[in-house]
1. Give me the percent of accessible area attributable to carbon and sulfur for the chain, probe 1.4 angstrom.
2. Provide, in order from the shortest bin, the percent of all Cα-Cα pairs of region 138-184 in each 10 Å bin, continuing until the bin that contains the maximum pair distance.
3. For the chain, taking Cα atoms only, what is the radius of gyration to one decimal and the Dmax to the nearest whole Å?
4. Can you quote the Å³ per residue value for the convex hull of the Cα atoms in region 3-113, rounded to an integer?
5. Mind ranking T7, T150 by accessible surface for me, highest first, 1.4 Å probe?
6. Find the Cα radius of gyration of region 7-50, compare it with 2.2 N^0.38 Å by division, and give the number to two decimals.
7. Check every DSSP H run in the chain and write down those whose alpha carbon atoms cover 18 angstrom or more along the long axis and whose mean Kyte-Doolittle hydropathy is -0.5 or greater.
8. Which whole-Hz ³J(HN,Hα) couplings does region 168-174 yield from phi under the Karplus relation 6.51 cos²θ - 1.76 cosθ + 1.60, θ = phi - 60°, glycine and proline marked x?
Amino acid sequence: SYLGNETEEDAILPVLPLIRESMVRSHARAVENSMLAGDDADGAFGTSGASYEGILHLARNDSDLTQSTTAFASDSLTALQLLAARKNMGKYGVDPSEVVYVVSQTGYFQLLEDAEFQDVNLVGDMATKISGEIGTVFGSKVIVCDEFATPAVSKFHAVAVYPRNYVMPRLRGMTVESDYEVAAQRRVLVASQRI
């Protein structure tokens with residue numbers, strides 16, 4: 001990201017911290033999108049091999065998915081559908097505390113209308129912004145993710161995951177470095193991480 005001298009001089013508020021925060025948020029979203037969609041047409045990285053295979057891509061490759069027979073406009077995500085996904089996990093779906101449901105925003109609002117979905121106030125002290133948990137379904141955590149593709153026919157709106165099967169090693173955490181280009185009269189900010 002580049003920050004010209006004119007921008008810094010004309011701004012009433014300090015702009016540099018805002019740009020730095022935006023870059024950190026962008027990296028976090030990219031990591032989340034790669035874990036969910038990865039090397040998939042629905043992901044931000046496309047199918048060019050710029051990312052590893054995400055959870056949705058792996059599910060599609062293994063034909064380990066359930067598609068609704070109802071028209072998209074009249075379909076609604078329910079707790080029973082999430083339970084069916086957990087049943088489909090076999091031995092990994094036996095212990096409800098070891099399963100996590102990741103749902104789209106649309107799916108979350110549909111779940112709020114389902115009587116089986118426990119309200120956020122029943123989760124207790126586990127419902128924090130840090131963990132991202134917003135409720136439970138039959139003893140399994142529910143997390144909202146806004147990296148799902150726009151709701152449509154043949155698109156995913158929820159996934160059941162056994163998180164202990166996934167490891168993301170971090171070789172180096174995110175760093176934001178800056179340098180000043182005298183000839184261009186601008187500050188250069190570079191954010192990077194190794195995963």
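1. Exposed carbon and sulfur together represent 54 percent of the surface.
2. Taking every Cα pair in region 138-184, the percentages come to 15, 26, 27, 17, 12, 3, 0.
3. Looking at the chain, its Cα Rg and Dmax stand at 20.4, 63 Å.
4. Values: hull volume 21.4 nm³, N = 111.
Normalising the Cα hull of region 3-113 by residue number yields 193 Å³.
5. On the way: T7 70, T150 110 Å².
Ranked from most to least accessible, the order is T150, T7.
6. Compared with the compact-globule rule of thumb, region 7-50 sits at 1.66.
7. Working: long enough: 16-36 (30 Å, 0.02).
For the chain, where a helix must reach 18 Å along its axis and average at least -0.5, the hits are 16-36.
8. Whole-Hz 3J(HN,Hα) from phi for region 168-174: 10, x, 9, 7, 8, x, 6.
The values are calculated or read from the model by the stated rules, or taken from the named source; none is laboratory data. None of the values given here were measured: they were computed from a predicted structure. Ligands, DNA and RNA are excluded from the accessible area calculation, which covers all protein heavy atoms including side chains. Shrake-Rupley method; radii C 1.70, N 1.55, O 1.52, S 1.80 Å.
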